[in-house]
Amino acid sequence: MQRQLNEIEKHGAATGDAGVPARTDWTIEQGWENYGAEEHATWKTLFERQTKLLPGRACDEFLQGMRDLPIGAEQIPDFRRLSDVLMKRTGWQVVAVPGLVPDEVFFEHLANRRFPAGHFIRKPQQLDYLEEPDVFHDVFGHVPMLMNPTIADYIQAYGEGGLRAQRLGKLGNLARVYWYTVEFGLLQQSDGLRIYGAGIASSYTESVFALDDPSPNRIRFDLERVMRTHYRIDDFQESYFVIGNLDELLELAQVDFAPIYERVHGQPEYQPGQIVDGDRLIARGTGRYFDDKRQEP
Ligand code: HBI
Ligand code: FE
């Protein structure tokens, strides 16, 4: 997280000379008319390969959300058109931001059912990995799930929970819940494991790795367990946490986290690849991919 925040400061370009955003909520105009042919072409490349890959991999709700949205291969979507459809369905909007925004600003948007989406698109040489959320990650990865009423309410609750967690000094714990659900969550469907996390759904390589590679652990989601688990922002996850259905997230949104933060406080934390007593394992990972990497010079 710290590393991500430092990134914000470097992005003076989107802010004024003093690094201060023009609007206090950090929103900007998407400036849809200003995208060039090359930027639309990058979107198309990403869109087409991901759209081929996801049927049978993304959960049914994701695929349905995608079908119902004005999103296609030819152009980067116009946030105004997305918001029109989204607003009618779940009361959400998509607003443009320059990239990562401060936590408080991010939570305030979510708590008000506004999804802040990066307005820029990655460069053609960064197709497979970038750290900052761009329009492909934010729109392709997150917005289809926001068409689902359950996820729509869960992410709003996360925004409200984020503001509370910040006051309690527990943002680290909450961020892990977000990470292992909204960003990297897997769902047990009757016909097998599926992706619902946006970080996976917007990544070609991780969409395959998370479901098919024997290396990572796949562990039944447990709130306290996840609050105690570190995550990696620079590579595939070593463990994925699996929910049984999306309604589990809504139950989670109704839980008062304050006493749980207290319980978790001072207890041992877990490394991303660690398996611990009490884990309900869906698949124990071989760790192979990560071991190989650690041996690289
Ligand atoms: N800003 N644009 C954007 N997108 C994010 O996902 C995001 C952010 N700022 C803070 C943040 N995420 C996280 O640090 C919180 O979820 C904890
Ligand atoms: Fe994201």
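Structure above, values below:
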{"read-out": "Filtered residue count, region 262-297, keeping only those that are among the charged types (D, E, K, R) and assigned to a loop (DSSP other than H, G, I, E, B)", "value": "6"}
{"read-out": "Any hit, region 43-57, residues being more than 18 Å from residue 156 (Cα to Cα), within 12 Å of ligand 1 (Cβ to nearest atom) and either without any contact (Cβ under 8 Å) to a residue 40 or more places away in the chain or surrounded by fewer than 19 Cβ atoms within 10 Å (Cβ to Cβ) (or both)", "value": "no"}
{"read-out": "The lone exception for residue 54 - which of (1) within 21 Å of residue 181 (Cβ to Cβ); (2) within 16 Å of ligand 2 (Cβ to nearest atom); (3) of a type in the set (A, V, I, L, M, F, W, C) it fails", "value": "(2)"}
{"read-out": "Selection status of residue 221, more than 12 Å from the chain's Cα centre (by Cα), aromatic (Phe, Trp, Tyr) and either closer than 28 Å to residue 266 by Cβ or within 16 Å of ligand 1 (Cβ to nearest atom) (or both)", "value": "yes"}
{"read-out": "Residue 172 modelled with pLDDT under 95 and over 29 Å from residue 35 (Cα atoms)", "value": "yes"}
{"read-out": "Selection count, region 193-238, where residues are away from ligand 2 (no atom under 13 Å from the Cβ), assigned to a helix (DSSP H, G or I) and either more than 15 Å from residue 129 (Cβ to Cβ) or free of Cβ contacts under 8 Å to residues at least 40 places away in the same chain (or both)", "value": "8"}
{"read-out": "Residue count for region 252-271, restricted to those that are of a type outside the set (A, V, I, L, M, F, W, C) and surrounded by 16 or more Cβ atoms within 10 Å (Cβ to Cβ)", "value": "2"}
{"read-out": "Of the criteria (1) assigned to a helix (DSSP H, G or I); (2) at pLDDT 95 or above, which one residue 9 fails", "value": "(2)"}
{"read-out": "Qualifying residues in region 232-247 (those that are of a type outside the set (Gly, Ala, Ser) and surrounded by fewer than 17 Cβ atoms within 10 Å (Cβ to Cβ)) - the one nearest to residue 185 (Cα to Cα)", "value": "245"}
{"read-out": "Pick from region 61-79, criterion surrounded by 14 or more Cβ atoms within 10 Å (Cβ to Cβ) and in a helix (DSSP H, G or I), ranking: nearest to the chain's Cα centre (by Cα)", "value": "62"}
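The values are calculated or read from the model by the stated rules, or taken from the named source; none is laboratory data. A quick note: this is a predicted structure, and the numbers were derived from the prediction, not measured. Neighbour counts run over all protein chains shown; Cβ positions are idealised from the backbone, glycine included.
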